[in-house]
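A.B. asks: Pasting a structure here, questions to come.
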């Protein structure tokens, strides 16, 4: 599919803003800073989006897709929960994944206040993660796919939180218990 020039510029701006936000976090993601990172003015940047909420939602969704693509790159077939969660637990330690996790934790802190655009964006991202688990989780016939996807989501998010607090010993014990 051929993209129009305006769409190509919008995608280039999204790329620049993704890198800026991953490096600097949400607190420094003012419209002026994002425009500067994109090599344009804040007015011109808003030309491509309805408003700042729309801009942030699109950029955060693009960052999420990058993380999901990164997680998928190391997995070729669906895995059972007791293999998938430890596999993803190892990936949380990868330097390439760390900036995404820091941003996700920052976004979750903002979203917990139920303020927009962060609340809606975080919910969409969590739904994207659940859809990712639906793709990569191997479920036995007697298990409920919906329940197992939800369990994977909650378990991995718990790992992300505990990893941020350096609870490595507890993480390892939990993963050992899951592997049995």
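The values are calculated or read from the model by the stated rules, or taken from the named source; none is laboratory data. Computed from a prediction, not measured in an experiment: that's the story for all the values here. With ideal geometry, Cβ positions are generated from the backbone for all residues, glycine too; neighbour counts draw on all protein chains shown.
A.B. asks: Could you say whether any residue in segment 38-59 is in the same structural domain as residue 155 (by TED's automatic domain parsing) and under 25 Å from residue 154 (Cβ atoms)?
C.D. replies: So far as segment 38-59 goes, yes, one or more of its residues are in the same structural domain as residue 155 (by TED's automatic domain parsing) and under 25 Å from residue 154 (Cβ atoms).
A.B. asks: Filter segment 62-76 down to residues that are out of contact with any helix residue (DSSP H, G or I) (no Cβ under 9 Å at 6 or more places or on another chain) and either in the same structural domain as residue 11 (by TED's automatic domain parsing) or in a helix (DSSP H, G or I) (or both), then give me how many there are.
C.D. replies: So the count comes out to 2.
A.B. asks: Something else now. Could you tell me which of the residues 161, 173, 153 is closer than 16 Å to residue 71 by Cα and modelled with pLDDT of 95 or more?
C.D. replies: 153
A.B. asks: Looking only at segment 136-152, decide whether some residue is touching a residue at least 40 places away in the same chain (Cβ under 8 Å) and within 12 Å of the chain's Cα centre (by Cα).
C.D. replies: No, there is no match, as no residue in segment 136-152 is touching a residue at least 40 places away in the same chain (Cβ under 8 Å) and within 12 Å of the chain's Cα centre (by Cα).
A.B. asks: Let me ask you something else. Only one of 173, 138, 159 is closer than 19 Å to residue 94 by Cα and in the same structural domain as residue 69 (by TED's automatic domain parsing); which?
C.D. replies: After ruling out the rest, the residue left standing is 159.
A.B. asks: Would you be able to say whether some residue in segment 18-36 is buried (at least 18 other Cβ atoms within 10 Å of the Cβ) and farther than 27 Å from residue 165 by Cβ?
C.D. replies: The answer is yes, given that some residue of segment 18-36 is buried (at least 18 other Cβ atoms within 10 Å of the Cβ) and farther than 27 Å from residue 165 by Cβ.
A.B. asks: Let me ask something additional. Looking at this structure, is residue 55 without any contact (Cβ under 8 Å) to a residue 40 or more places away in the chain, buried (at least 19 other Cβ atoms within 10 Å of the Cβ) and in contact with a helix residue (DSSP H, G or I) (Cβ under 9 Å, 6 or more places away or on another chain)?
C.D. replies: yes
A.B. asks: Let me ask something else about it. Which one of these is closer than 12 Å to residue 89 by Cβ, in contact with a helix residue (DSSP H, G or I) (Cβ under 8 Å, 6 or more places away or on another chain) and in the same structural domain as residue 85 (by TED's automatic domain parsing): 121, 152?
C.D. replies: Sole residue among the options that is closer than 12 Å to residue 89 by Cβ, in contact with a helix residue (DSSP H, G or I) (Cβ under 8 Å, 6 or more places away or on another chain) and in the same structural domain as residue 85 (by TED's automatic domain parsing): 152.
A.B. asks: Assigned by TED's automatic domain parsing to the domain that holds residue 61 and more than 11 Å from the chain's Cα centre (by Cα): does that describe residue 105?
C.D. replies: No; evaluated as a whole, the condition is false for this residue.
A.B. asks: Here is a further query. How many residues, within segment 70-90, are within 15 Å of residue 154 (Cα to Cα) and surrounded by fewer than 14 Cβ atoms within 10 Å (Cβ to Cβ)?
C.D. replies: Number of matching residues: 1.
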